[in-house]
């Protein structure tokens, strides 16, 4: 890496054959890994993969039955051994603000944790100011923690974890449920700590697109390590490549390809296929051959990124989940109108809470058969907007119609015609799967004459055949979310509201979930309004509205949003150097936009590649930093989101 002073071969963490059980449930099954000093090491995998149990064992707060674990060369085999290293590490558990105190202000929380960690007043003053500035929480120091957005809570949790200057930080899913701007803030903070202090970080995440930010990582599934190493090397372990295409009839093309390729998905107008065991050129011609008779508008092949590689490795390996059941999605037993009528309309909607305006004159339309994405940072007003449209909250001003009913005076009619899956509460966790479905059928007024038929339909569409007798609280997150979707669909509504439906769900679960949504929109003509923090999911939407501080600041198709950013700020440059941390510091001080560290690579936006490359070379040469590679690509929807939100934040007065 060329930065040996920061990353060296001394293992901060060394694990051999670790096993941890909860009664009869094996949570961690023979895991082995090492984390070197100065590394950002990732644990990636679905809910229930064993990541949290492993991190708690490393932090010294959870015992284990078998194997060995050393931290800072101390064998953690007892509480006394764990106490020897606890002062040198910081642990942030999973969950928004779970390690914080709601009634204390931002500053009071920091002071409390500093006192717990015996930080001197002089050190506290210096570190607090620096960390508050880095996290952009300095303007909110007097705000109670309970009044912070999700992203702010996580950044405050990180500040409290870092206040005693630990040598090792253990962060359990710090970015789950957090918007992309706050996620980038997290990674910028870790990069600076690594650059300045040689801090070691162990970070778990359910976001596969964050994998590029790790030096090395372990892919976990079912308590075991599926693959480990550098992100690029793991991608190469999956035997095959990706083919992306558009054709004259997406539905027909999907039908032709489905029998040949178990791993494919539709994203907007595109189809993406993982082709096993073939090189790029051969994969393109093979896929084309299966579409004989269909006009292919565009087709290209490329190496798989981590999410596709993870699914391929799981599918190709011994940990593959058992399948064999009918994968087809059953149809509605009633027909919805196929006239592309407007199903949801907001006109200048406002919502005030005392002196605070949560939603500020928003307007948009959603048609039948359309998937509409409402994107925005935590606290942007998305959930409040949904609650007004579904009749849960009365608006302070403005108008809206949902499913042909006026939201101001027809709340009951709206509730009968829509399905709503809320962010915070959708299921009764102490009821079984079938009891939850039965309850929602009763709430939504499903006729007793078709109740048995409708229960069977929900079980089939949500893929719940194997778990009908299990308690909802015992289900993995992905299965639980499919159950919640099934309950929202039990009365087969024409309009569906989904608030952060896949937060914390693994890639396979998210793809299954979106396959159902695509079917509902394209086949059944259901209008779907969805909020999400997964920018890769936003590409599934036909139309997007980006919210900031209660206002809609952009309203367009995903492709048009990306093109608008490219016209304004340029292409995304991916830069590889022999000293990425020093290069990052140089480029951050220059006038380039969107500079961010992704593992060993640096991303930034530039209008002209040749001009930018010349300037980058000159900057790096002055500091004897070698430019190893520079490539250009179109920006992503995450780049769009971050660029637009940061531009507005920078316009706000101090």
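Does the chain come out rounded, prolate or oblate by the C-alpha gyration tensor, with a ≥ b ≥ c the root eigenvalues, rounded set by a/c under 1.5 and, if not, prolate when a/b is larger than b/c and oblate if not?
It is rounded, given that a/c, with a ≥ b ≥ c, falls under 1.5.
Among 518-526, 538-546, 283-291, how do they line up from the highest to the lowest mean number of other beta-carbon atoms within 10 Å?
Sorting 518-526, 538-546, 283-291 by mean packing, highest first, produces 538-546, 518-526, 283-291.
Based on alpha-carbon centroids, what's the gap between the stretch 365-380 and the stretch 12-88 in Å, whole number please?
Going from one Cα centre to the other spans 40 Å.
Sort 515, 73 by Cβ crowding within 10 Å, fewest neighbours at the top.
73, 515
Between residue 296 and residue 101, what is the FRET efficiency for a Förster distance of 51 Å, r being their Cβ-Cβ separation, to the nearest 0.05?
About 0.30, to the nearest 0.05.
For the residue pair residue 399 and residue 244, what label-to-label distance in nm results when each label sits 7 Å from Cα along the Cα-to-beta-carbon direction?
4.2
For the stretch 431-569, what is the percent of antiparallel DSSP beta bridges, rounded to the nearest 5?
If we restrict to bridges inside the stretch 431-569, about 55 percent are antiparallel.
Along the Cα-to-Cβ line of residue 334, 7 Å from the Cα, sits a label point; which residues in the stretch 483-510 have backbone N less than 18 Å from it?
Under cut-off, by backbone N: 486-497.
Rounded to the nearest 500 deg cm²/dmol, what is the calculated helix-only ellipticity per residue at 222 nm for the chain, with -39500 (n - 2.57) per DSSP H run of length n ≥ 4?
The helix-only estimate for the chain comes to -10500 deg cm²/dmol at 222 nm.
Determine the percent antiparallel among the DSSP beta bridges restricted to the chain, to the nearest 5.
Around 70 percent antiparallel, to the nearest 5.
Where in the stretch 393-437 does the amide nitrogen come within less than 18 Å of the point 7 Å from the Cα of residue 361, taken along Cα to Cβ?
It comes to 395-400, nothing else.
Among 111-118, 602-609, how do they line up by average Cβ neighbours within 10 Å per residue, starting with the highest?
602-609, 111-118
Specify the angular offset, from 0 to 90 degrees and rounded to the nearest 10, of the alpha carbon long axis of helix 609-622 from the longest principal axis of the alpha carbons in the chain.
Between the helix axis and the principal axis of the chain, the angle is about 20 degrees.
For the stretch 342-556, calculate the relative contact order in percent as a whole number, restricting contacts to Cα pairs under 8 Å that are 6 or more residues apart.
The normalised contact order for the stretch 342-556 reaches 32 percent.
Please arrange 210, 252 by how many other C-beta atoms lie within 10 Å of their C-beta, fewest to most.
Lowest count first: 252, 210.
Give, as ranges by residue number, the residues of the stretch 222-247 whose backbone N falls under 18 Å from the point 7 Å along Cα→Cβ of residue 288.
Taking a point 7 Å out along Cα→Cβ of residue 288, the residues of the stretch 222-247 whose backbone N falls under 18 Å are 241-247.
With an 8 Å cut-off on Cα pairs and a minimum separation of 6 or more residues, tell me the relative contact order of the chain in percent.
For the chain, the relative contact order is 13 percent.
Report the Cα centroid-to-centroid distance between the stretch 139-191 and the stretch 232-303 in angstrom, as an integer.
39
Using a Förster distance of 30 Å, how high is the FRET efficiency between residue 126 and residue 553, based on the Cβ-Cβ distance and rounded to 0.05?
0.25
Could you give the angle, 0 to 90 degrees to the nearest 10, between helix 507-522's Cα long axis and the longest principal axis of the Cα atoms of the chain?
Rounded to the nearest ten degrees, it is 30.
Highest first, please rank the peptides 158-168, 76-86, 13-23 by the mean number of other Cβ atoms sitting within 10 Å of their residues.
Packing order, densest peptide first, comes out as 158-168, 13-23, 76-86.
In degrees from 0 to 90, rounded to the nearest 10, what is the angle of the helix 180-197 Cα long axis to the longest principal axis of the chain?
Between the helix axis and the principal axis of the chain, the angle is about 10 degrees.
Counting alpha carbon pairs within less than 8 Å and at least 6 residues apart, what relative contact order, in whole percent, applies to the stretch 239-303?
After rounding, I find 52 percent.
For residue 269 and residue 16, calculate 0.36 nm times their separation in residues minus their Cα-Cα distance, and state this gained length in nm to one decimal.
Additional length available on full extension: 86.4 nm.
Computed from the coordinates by the stated procedures, all read-outs in this text should not be read as laboratory data. Quantities reported herein were computed from a predicted structural model and do not represent experimental measurements. Neighbour counts run over all protein chains shown; Cβ positions are idealised from the backbone, glycine included.
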